[in-house]
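Notes to accompany the following structure.
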Amino acid sequence: MQTRILTLTFKIAVAGAVLVGLTTMRVPSLAAQGPKPAQMAMVAPGSLTWTPAGPGISAAVLSGSPNVEGAPFVLRLKLAAGTRVPPHWHPVDEHLTVVSGTFYMGSGERFDESGGMALVTGSYAMMPKEVRHFGWAGAETVVQIHGVGPFKTYFVEQPAK
């Protein structure tokens with residue numbers, strides 16, 4: 001019985017050593033072919049580089065590449081007071097979080113404030129790809145958008161009045 005326990009203990013110890021060896025061992029040919037590890041990103045609000053993105057709108061990319069197919073991204077939009085975003089849609093899902101201020105949002109192909117909802121700081125909204133939606137800001141507002149690229153915006157043509 002004593003020999004059997006020692007043999008079992010030895011087998012477990014050897015199996016553990018082999019597992020540790022396999023998990024720490026480097027295979028040069030595979031390591032050279034694999035993707036580079038992702039870099040950690042920490043971004044302070046004051047370090048953002050804002051770029052004009054439309055009337056009353058500035059954009060800052062926090063991470064990733066919004067224009068690249070299959071690439072995750074995080075960006076922020078700063079909307080000046082009174083900015084209106086006409087009805088539009090995206091070819092990918094849009095995840096939006098209000099960072100500061102109040103962002104008003106509605107769905108449909110026509111801009112209609114009566115059908116909008118106030119999203120206060122901390123609110124979240126998700127617009128599935130191709131859903132027509134619009135928004136506006138009464139006061140300066142910052143929203144954060146994340147998703148998987150390509151993040152493109154297609155505005156809905158409005159009929160002539």
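Just a few scattered comments:
- Residues of the stretch 101-154 that turn out to be outside any loop (DSSP other than H, G, I, E, B), in contact (Cβ under 8 Å) with a residue 60 or more places away in the chain and of a type in the set (Asp, Glu), as a count: 0
- The strands (runs of 3 or more DSSP E) found wholly in the stretch 53-100 and carrying at least 2 residues that are among the basic types (Lys, Arg) occupy 72-79.
For (1) modelled with pLDDT under 95; (2) within 28 Å of HIS90 (Cα to Cα); (3) surrounded by 13 or more Cβ atoms within 10 Å (Cβ to Cβ), each residue gets a yes or a no:
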site: GLY21; (1), (2), (3): yes, no, no
site: ARG26; (1), (2), (3): yes, no, no
site: GLY34; (1), (2), (3): yes, no, no
site: PRO37; (1), (2), (3): yes, no, no
site: ALA41; (1), (2), (3): yes, yes, no
site: LEU62; (1), (2), (3): no, yes, yes
site: VAL68; (1), (2), (3): no, yes, yes
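- Meets criteria (within 13 Å of the chain's Cα centre (by Cα) and either assigned by TED's automatic domain parsing to the domain that holds PRO52 or under 18 Å from ALA53 (Cβ atoms) (or both)) for ARG76: yes
- Only a single item in (1) farther than 30 Å from ALA41 by Cα; (2) surrounded by fewer than 14 Cβ atoms within 10 Å (Cβ to Cβ); (3) modelled with pLDDT of 95 or more is not met by GLN158, and it is number (3).
- On the stretch given as the stretch 114-130, residues that are within 18 Å of the chain's Cα centre (by Cα) and farther than 18 Å from GLY101 by Cβ total 5.
The values are calculated or read from the model by the stated rules, or taken from the named source; none is laboratory data. From a predicted model like this one, the values you see are computed outputs, not experimental measurements. Quick reminder, even Gly has a Cβ in these numbers, built from the backbone with ideal geometry, and neighbours come from all protein chains shown.
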